[in-house]
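Please treat every number below as a calculation from the coordinates, not as lab data. Keep in mind the model is a prediction, meaning the values are calculated, not measured. With ideal geometry, Cβ positions are generated from the backbone for all residues, glycine too; neighbour counts draw on all protein chains shown.
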Amino acid sequence: RTFTRDGTSFKATSRTAPPFAFAFDIDGVLLHVAKPIPGATETLQYLQRYDIPFILLTNGGGKHEQERVEDLSKRLGVPLSTENFVQSHTPFQELVHRSWGQSQINGQTETELQNENGLSGLVDKNIFITGSDPAKSRLIAEAYGFKSVITPADILATHPTLFPFEPLLKDRYIATARPLPSANPKIDAIFVFNDPRDWALDTQIIIDLLLSQDGILGTYSSKNGRAEYENHGWQADNQPHLYFSNHDLFWSAAYHLPRFGQGAFQAALAGIWNQITGGKAELKRSTIGKPYARTYGYAERVLSQWRAELLRRSGREDPKAEARPLTRVYMVGDNPESDIRGANEYSSPQGTEWASILVRTGVWNKDRDGEPKHKPTAIVDDVKSAVGWALEREG
Ligand code: G3P
Ligand code: MG
């Protein structure tokens, strides 16, 4: 089979444990929501045929990894597994039994890191969760190992006047509400697993919790959100820790123009916090997902393990192949702010080079956006051209 890139055809050979691998973004590279982008299926099938390792690395979420890969395998016609799949909230499972603590991570500005000061594992703590369907997000969090997960529906059922309007998703909330651990539980962490739908209720509850005394629902602390206290740094026992799974302001869906992502929700919440605190206290948060190094580090570990598994499965008798390190990962993405920036800024602890390839099938549009702010290693038409370009470069 040959690969064509801008007319040049290119004979691929089956490689024994190539030293390189791919990371593919999904929305805008492989799919527009549910519709495969031309060339995506044949490209992934080709890589699988020649045992060239790849993972899918998306800021999308909302389904458990197992459910999403089954859905993606069907849509793309390519067998995928949770072993080569990382979505926005996947790394949150690390927080069940450990804390991320203070860590110097490239690509994350101080704001995102500022308040990671060693929250111990959250397994037995009450966490608040929201997303496209908070009841589904709760099931994912419980599958990760969190034991006490509270949704907006639970809070609304116990405190109906907390939200003064007719809730838009009332039936769904009534159908999925569970009793609270106590009437006004202490909540230690707030998770946004993927793009919320009910911004009105979600922002009300999240801000209530950030203004509360030690995360206790229904209380108010005039300390929180005040610059004089903020200057004393993040007091984890003062406010629940706020986690976002990505900060995509836009993403590439089925509509011809980019759509708001979780970053728009984050900006709306930060805008309300700014109004309430008179601009004196920054909305402290921890954000993962692309472009942040925590997600690229997590993805690199998944990719390295997957590559070793492929080698094992293919029974490579070439011992040298096993030893050859993963020297290069090609990150194929459509969003300069997440995919390209993240690969460009990530410095791998194992010395792996991350090259970035920007495709023209997603968020970025040269006429509308001009030259990408984060310069990719290459700009190509689509995912098939991206792989052709990389294979040619690898010779
Ligand atoms: O919600 C999905 C969006 O934020 C981006 O997804 O696959 O382009 O990283 P993806
Ligand atoms: Mg994308």
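For segment 127-132, 3J(HN,Hα) computed residue by residue from phi via the Karplus equation (6.51, -1.76, 1.60; θ = phi - 60°) reads 10, 9, 9, 9, x, 5 Hz, glycine and proline entered as x. Remark on LEU31: its backbone amide H falls under 5 Å from those of ILE37, a criterion applied only to residues 5 or more positions apart or on other chains, H modelled at 1.01 Å from N.
Distance between the pseudo-spin-label points of GLN45 and GLU353 (7 Å out from Cα toward the beta carbon): 3.2 nm.
How many angstrom separate the Cα center of segment 321-395 from the Cα center of segment 255-272? The two parts, judged by their Cα centres, are 24 Å apart.
Specify the angular offset, from 0 to 90 degrees and rounded to the nearest 10, of the alpha carbon long axis of helix 40-49 from the longest principal axis of the alpha carbons in the chain. Helix 40-49 sits roughly 60 degrees off the main axis of the chain.
Helix-only arithmetic for the chain: the sum of -39500 (n - 2.57) across DSSP H runs with n ≥ 4, divided by the residue total, places the mean residue ellipticity at 222 nm at -9500 deg cm²/dmol. If you run the Gaussian network model on the chain, springs between alpha carbon atoms under 10 Å, then out of ASP195, ASP369, ASP133 the most flexible one is ASP369. I'd like the FRET efficiency for LYS366 and ASN274, computed as 1/(1 + (r/R0)^6) with the beta carbon distance as r and R0 of 35 Å, rounded to 0.05. Between LYS366 and ASN274 the formula returns 0.55. Between helix 65-76 and the chain there is an angle of about 40 degrees, using the helix long axis and the longest principal axis of the Cα atoms. With both residues required to sit in the chain, DSSP beta bridges show an antiparallel share near 20%.
Derived scalar couplings between HN and Hα for segment 304-311 equal 5, 5, 5, 4, 5, 5, 4, 4 Hz in order, rounded to whole Hz, by the Karplus curve 6.51 cos²θ - 1.76 cosθ + 1.60 (θ = phi - 60°), x for Gly and Pro.
Here the Karplus relation 6.51 cos²θ - 1.76 cosθ + 1.60, evaluated at θ = phi - 60°, turns the backbone of segment 327-336 into coupling constants of 8, 8, 10, 9, 8, 9, x, 10, 10, x Hz, with x for every Gly and Pro. For the Cα atoms of the chain, what angle does the longest principal axis make with the long axis of helix 134-144, in degrees from 0 to 90, nearest 10? Result, in degrees: 70.
Between amide H atoms placed 1.01 Å from N, distances below 5 Å from PHE85 occur with LEU56, all of them 5 or more places distant or on a separate chain. Remark: spin-label model distance ARG172-ALA308 equals 4.0 nm, labels positioned 7 Å along the Cα→Cβ axis.
Largest first, the extents of the alpha carbon coordinates of the chain on the three principal axes equal 66, 44, 41 Å. The amide H of PHE22, built 1.01 Å from its N in the peptide plane, has PHE54, ILE55, TYR330 as neighbours under 5 Å, considering only residues 5 or more places off or on other chains. Summarising the label geometry, the points placed 7 Å from Cα in the beta-carbon direction at LYS74 and ARG393 lie 3.6 nm from one another.
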